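Notes to accompany the following structure.
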Amino acid sequence: MLDFFLGHYAYWFVVILMCVGLYGILFKKNLVKKTIGLAIFQVSVVLYFVSIASKWDATVPVRDSNIPVEQVANYLNPLPHTLMLTAIVVGVATLGVAFTLLMAIYNRYGTLDEQELLEEIQ
Amino acid sequence: MKALKIIILILFASVMIYAASDLPYRGDPDNLMHAEESITGTKVVGSYVIQEAYNDAKTPNIVTVILGDYRSVDTFGEQVVVFTAGLITILILRNRRRLT
């Protein structure tokens, strides 16, 4: 039972962070807060992939001449790290576009509240 | 409407925790993702990359080898995405300045 907890608590923390992000997306009325929730959701997915790529008694994936490269167990799996590098870059780019659109909306309508925006548009 | 949102949130959390209980233990070197060969006997991509990256590109950093050599075209596409995002940002902000 303790073994199960120690093996899985990192995933549960990720799930909690994911729920915080989803709470921000669903319940918050302000569009900036909604975008922050989206960013938290994205970060939780990145954290999940990094935590599942970990390996006990292994070093970072940089080749060290003292540690034999033939034993795969000596090095972390580099593929999830690479994919998450891509995901972080694309996430930052889309977040920048989202904030720019929010600036444009605020300049056009003078508010960022969801309900007020719906009334203004109709 | 609010009750529906709460139900969605709780359902999401319970499904995620149920799915997480099936995952392999964190950091366990024996799990299938870190094995040298998959079930069908072929080499797993991650372990192949760890063993052969230095011979292929003569760079010690394995992540750099994957990003810059194995997936270089992919990385180029990613930079196109970043460039497009910057272009959209500049265009929207310039448009605002012309209106006021």
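Quick notes on this one:
- Since only B:65, B:55, B:87 are under comparison, the one whose Cα sits farthest along the positive direction of the charge dipole of segment B:17-88, derived from C-beta charges on Lys, Arg, Asp and Glu, is B:87.
- A 1.4 Å probe run over the protein chains yields, for segment A:81-122, 63 Å² of accessible area per residue, whole-number rounding.
- For chain A, the longest principal axis of the Cα atoms and the long axis of helix A:2-27 meet at an angle of about 20 degrees.
- Lysine pair number, Cα distance threshold 22 Å (strictly under), the protein assembly as shown, separation 8 or more or different chains: 10
- Buried accessible surface for the B/A chain pair comes to about 4400 Å², total over both chains, computed with a 1.4 Å probe.
- The listed residues B:90, A:67, B:66, once ranked by accessible area (1.4 Å probe) with the largest placed first, stand as B:90, A:67, B:66.
- Highest GNM mean-square fluctuation among A:26, A:38, A:112, for chain A modelled with Cα contacts below 10 Å: A:26.
- Helix runs (DSSP H) in chain B reaching 30 Å along axis by Cα, Kyte-Doolittle at least -1.0: B:72-99
- Karplus-based coupling profile of segment A:47-64, in residue order and whole Hz: 4, 4, 5, 5, 6, 7, 8, 6, 8, 5, 6, 10, 9, 5, x, 10, 5, 10, with θ = phi - 60° in 6.51 cos²θ - 1.76 cosθ + 1.60 and x standing for Gly or Pro.
- Against chain A, whose longest principal axis is taken from its Cα atoms, helix A:78-109 shows a tilt of about 10°.
The values are calculated or read from the model by the stated rules, or taken from the named source; none is laboratory data. This one's a predicted model, so the numbers in the text were calculated from it and none came from an experiment. Backbone-built Cβ (ideal geometry, glycine too); neighbour counts: all protein chains shown. Quick note on the areas: whole protein, heavy atoms, side chains included, nothing else; ligands and nucleic acids left out. Shrake-Rupley method; radii C 1.70, N 1.55, O 1.52, S 1.80 Å.
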